[in-house]
Amino acid sequence: MRKGKYTKTQKPDGWGTSTRLVRGGTSRSEHGETSEAIYLTSGYVYDDPESAEQRFAGEEEGFVYGRYGNPTVAMLEERFRLLEGAEAAYAVASGMAAAWGALACLLKSGDHIVASKDLFGSNYQIITNILPRWGVTHTLVSGTTAADWRAAMRPETKVVFLETPSNPILAVHDIEMISDIAHKSGALVIIDNVFATPILQKPMTMGADIVFYSNTKHTDGQGRVFGGMVLSSTQFKEELLKPFLRHTGPTLSPFNAWVLLKGMETLKLRVDASSKSATLLADEIARLPQIERVYYPHHDSHPQVALARKQMSAGGTMLSFDVNGGKEAAFNLLRRLKIVDISNNLGDSKSLITHPATTTHKNIGPEARALMGIKDGCLRLSVGLEDVEDLLGDIKQALLINS
Ligand SMILES: *Cc1c(COP(=O)(O)O)cnc(C)c1O
């Protein structure tokens, strides 16, 4: 990208995470603006026909069309690439455009996917409903042992796909072990790292090949815009992802890219604060007699707590729990909340709560819900930035506890 004269010679490789989040990728124009500029343009002009010819031939640096690239979007990609420590980053319009792009650019008829059974609703639809129409088959793994994953692999397995922690029951899978198994069979590992966030978990350092995000969640973190990001090797981006995404159109708006750049500046502060509150809430909620069980990666009751503590530097912003009394008791709790909002969005500065069985995981049906262990009394809480005492008080009063 062309650099304005006000852009300092950056040496981001030595920078810590917070510096990368605030300054990474900044490319100032000739005006020397402090905040990154929004280049709200669909096309670009050329000084002469030769310049247009050379840009299309890739011989001259520069943008040619908004669907192919944009300076504001490029700043976001570079900032995110530095955060993840990946070779390459590609920004798209939503988290699902990222999931779909990473899978569809790679797979062809006859290929096979191995995925954990613990999947976000739309990931589940892509793997079990959409890709089978293109002749791509799948095996969903229920267990967590090496033998469970090995047994699912086939010679035609091209991709191993997992979410860890998963939505909504925060199941944790061993990225290093599963990557090892996948690589021995020549398959690539794709991780949905939305729940963990790039602040708390770095799948590529554990062997993952491709990591994707919904930037709609923690990256924006203030409920405003959609966005997605795919992190990969340069080779994967240049040879597979870019040719696929350029021509199929899930382009990120430059305006949304700008909002996300601003979100990144406070991402670590927000994730660390929410994660701290969620850890405290998990402890407190687990003690309440009205609660059957909590699901939180760093809580002692989590079946994979040792692995979660190894893979994630903190427990994360997401917490689920089963209310005694099933759907009716869960709905009663939701109805009485005075601060926490009922919403299926997550990763927001406002705490949000949802009943997965009737919202995010309704369409997959009761059998798939049973397979994933999602009960009718389950509530999923996205912990925001409010005072933790207020959040605990709100949940307690909604359970009719006088404290
Ligand atoms: C929200 C979400 C997605 C999809 O992201 P969108 O931006 O809504 O398309 C994918 N995976 C997980 C775990 C999510 O929570």
> What's the center-to-center distance, using Cα atoms, between the stretch 72-88 and the stretch 106-129 in Å?
Replying inline: 26 Å
> Quick one: accessible area per residue over the stretch 325-403, 1.4 Å probe, rounded to a whole number of Å²?
Replying inline: 48 Å²
> Once the Cβ-Cβ distance between residue 239 and residue 396 is put in as r, and R0 is 35 Å, what FRET efficiency do you end up with, to the nearest 0.05?
Replying inline: 0.05
> Where the eigenvalues come from the Cα gyration tensor of the stretch 209-280, what are the semi-axes √(5λ) of the equivalent ellipsoid, largest first, in whole Å?
Replying inline: 27, 16, 9
>> Please compute the contact order of the chain in relative form: average sequence separation of alpha-carbon pairs under 8 Å and at least six residues apart, divided by the residue count, as a percent.
In response: 16 percent
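Using r as the Cβ-Cβ distance of residue 283 and residue 59, and R0 as 60 Å, what FRET efficiency do you calculate, to the nearest 0.05?
On the way: r = 60 Å, r/R0 = 1.00.
Plugging the Cβ-Cβ distance into 1/(1 + (r/R0)^6) gives 0.50.
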> Two-decimal Rg/Rh of the stretch 129-188 from alpha-carbon positions, Kirkwood Rh?
Replying inline: 0.97
>> I'd like to check one number: the per residue accessible area of the stretch 12-265, probe 1.4 Å, reported in Å² as a whole number.
In response: 39 Å²
>> Pairs of alpha-carbon atoms within less than 8 angstrom and 6+ residues apart define the contacts here; what relative contact order does the stretch 288-337 have, in percent?
In response: 39 percent
> Where does helix 95-104 land angle-wise versus the long Cα axis of the chain, in degrees 0 to 90, nearest 10?
Replying inline: 70 degrees
> Under 16 Å from the 7 Å Cα→Cβ point of residue 338, by amide nitrogen: which residues of the stretch 371-403?
Replying inline: 387-403
> How far is helix 326-336 tilted off the main Cα axis of the chain, in degrees rounded to 10, range 0 to 90?
Replying inline: 70 degrees
>> If every alpha-carbon in the stretch 267-398 counts as one equal scatterer, what log10 I(q)/I(0) does Debye give at q = 0.22 1/Å?
In response: -1.45
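What FRET efficiency do you get for residue 11 and residue 52 if R0 is 30 Å and r is their Cβ-Cβ distance, rounded to the nearest 0.05?
Efficiency, rounded to the nearest 0.05: 0.30.
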> Can you pull the percent of the chain's accessible area that's carbon plus sulfur, 1.4 Å probe, other chains left in place?
Replying inline: 51 percent
>> Can you give me the Rg/Rh ratio for the stretch 1-96, using Cα atoms for both radii and the Kirkwood formula for Rh?
In response: 0.99
> Once Rh for the chain is found with the Kirkwood sum over Cα pairs, what is the Stokes-Einstein diffusion coefficient at 25 °C and 0.890 mPa s, in µm²/s?
Replying inline: 111 µm²/s
>> If I fit a long axis through the Cα atoms of helix 267-286 and take the longest principal axis of the Cα atoms of the chain, what angle between them do I get, 0 to 90°, rounded to 10?
In response: 10 degrees
> Between residue 314 and residues 5 or more places away or on another chain, which pairs have amide H atoms under 5 Å apart, with H built 1.01 Å from N, and which residues are they?
Replying inline: none
>> Order 132-138, 86-92, 280-286, 317-323 from most to least packed using the mean count of other Cβ atoms within 10 Å.
In response: 317-323, 86-92, 280-286, 132-138
> Once fully extended, how much extra length lies between residue 328 and residue 156, figured as 0.36 nm per residue of separation less the alpha-carbon to alpha-carbon distance?
Replying inline: 57.4 nm
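The values are calculated or read from the model by the stated rules, or taken from the named source; none is laboratory data. In this text the structure is predicted, and so the values were computed from the model without any measurement. When we count neighbours, we look across all protein chains shown, and the Cβ atoms used for this are built from the backbone with ideal geometry, even at glycine. Note: accessible area is taken over every heavy atom of the protein model, side chains too, but ligands, DNA and RNA are not part of it. Shrake-Rupley method; radii C 1.70, N 1.55, O 1.52, S 1.80 Å.
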